[in-house]
Amino acid sequence: GEVELHHFVHRGLADHRHRVLDRVLEGHDVHALGVDVVGWSAAAGALKSFEVQAGLDGVSFAPVDRLPGASGIDGRLTLEPAQGSFTLRSERASVHLPRLFTAPLALGRVDGKFQWDRTDTAWHVAGSELRVRARDARLAGQFDLRVPHDREQSPVLKLRADLRDGDGARAAQYY
């Protein structure tokens, strides 16, 4: 059945993550978010396992600290305790990176597949079949990110991106 995502996500988050989620969702609407709880197990009041599948339509969220904001996000999300995936299919997406750009970037059509998992040693995040068809350029690529739990170890990012049909005449809007 359907549940309120905000309440469901909070049950599985530590306090500091809960505060970040509140700041991200503050003042923003989530439209047409259908959530199916496929499996749920709790023991002694603690969340043990779950699988959530959600359809997102026009989701927006604000930037918080170093995390970017976005709007117009459509796709399919699957969450489990130590892994997840997101298939992105948006017609009018934008991203807000206030530490890099003065205004949100209109991305236009955006497609891609994202997967992540948590192991004993690191978080692993991969993006494949990534495509952006914006007014000013087309971008295709993939990435692979490993973030060790041990803060003494550096994260490793492998990125491949191809830029085509770039229009430098409007470059000033990005800085």
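Model label sites at His124 and Arg160, defined 7 Å from Cα along the beta-carbon direction, differ in position by 1.8 nm.
Can you compute the modelled spin-label distance between Arg151 and Thr78, with each label point 7 Å from Cα toward Cβ, in nm? Label-label distance for Arg151 and Thr78, simple model: 3.4 nm.
Here the Karplus relation 6.51 cos²θ - 1.76 cosθ + 1.60, evaluated at θ = phi - 60°, turns the backbone of region 95-102 into coupling constants of 10, 10, 10, x, 7, 10, 10, 6 Hz, with x for every Gly and Pro.
On the principal axes of its alpha-carbon atoms, region 73-140 has extents of 41, 25, 18 Å, going from largest to smallest. For Leu139, what charge total do you get from the other residues with a beta carbon under 9 Å from its beta carbon, if Lys and Arg give +1 and Asp and Glu give -1? Surrounding charge for Leu139 is +3.
Rounded to 0.05, the FRET efficiency of the Leu100 and Gln53 pair, given R0 = 30 Å and the Cβ-Cβ distance, is 0.40. Each of the peptides 156-164, 52-60, 76-84, 95-103 was scored by the mean count of other Cβ atoms within 10 Å over its residues; in descending order, highest first, they stand as 52-60, 76-84, 95-103, 156-164.
Per the Debye formula on identical point scatterers at the alpha carbon atoms of region 55-175, with no solvent, log10 I(q)/I(0) at q = 0.10, 0.14, 0.22 Å⁻¹ is -0.35, -0.70, -1.46.
Based on C-alpha pairs under 8 angstrom that are at least 6 apart in sequence, region 63-140 has a relative contact order of 24 percent.
No lab work stands behind these numbers, since they all come straight from the coordinates. All of these numbers come straight from a predicted model, not from anything done at the bench. Cβ: placed from backbone, ideal geometry, glycine included. Neighbour counts: every protein chain shown.
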